[in-house]
Amino acid sequence: MLMRTDPFRELDRLAQQLVGPGTWSKPSAMPMDAYRGGDEYVVAFDVPGVTADAIDIDVERNMLTVRAERRPVAKADDAQMELSERPLGVFSRQIVLADALDTEHIKADYDAGVLTLRIPIAERAKPRKISIGVGTGHKEISG
């Protein structure tokens, strides 16, 4: 087997070994991207190797919490691990959502190791036109 050495990858691997796998009380961070697309915010989390049933999404007031657990892959009894770089354990991310977002209608999709949440902007927070009344309710005061 031919292996190429990347010193930065080795540093990342060593740091992960020192920190250890994430646990429910002290989870590891999970990378994410967030952007606004039209009338919704889209947040994408990288959770490769995690099954959909091992992902938990929770919203309490304006705090969004995403937790995922990557479990060890079952191996045959006579298998001997030669290299293990993929982190196992619990991963979590918390995001404070603005009041302008509609937390009642969050949609979640999971595909190819990416969890995508779509959070609509609340109707009350969308820009709207205000009409101006002409000549109504105007009184002249003389002095």
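The numbers here are math on the coordinates, done by the rules we state, and not lab data. Every value quoted in this text rests on a predicted model; they were computed, and no experiment measured them. Using ideal geometry, Cβ is built from the backbone for each residue, glycine included, and neighbour counts are taken over all protein chains shown.
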### Message
Under the 0.36 nm per residue contour assumption, what length would be gained going from the current alpha-carbon distance of Asp102 and Asp46 to full extension?
### Response
17.8 nm
## Note on the structure
With 0.36 nm assigned to each residue of separation and the Cα-Cα distance removed, Glu85 to Asp111 gains 7.1 nm
### Inter-label distance, nm, simple model (7 Å from Cα along the C-beta direction), Glu123/Lys75
5.6 nm
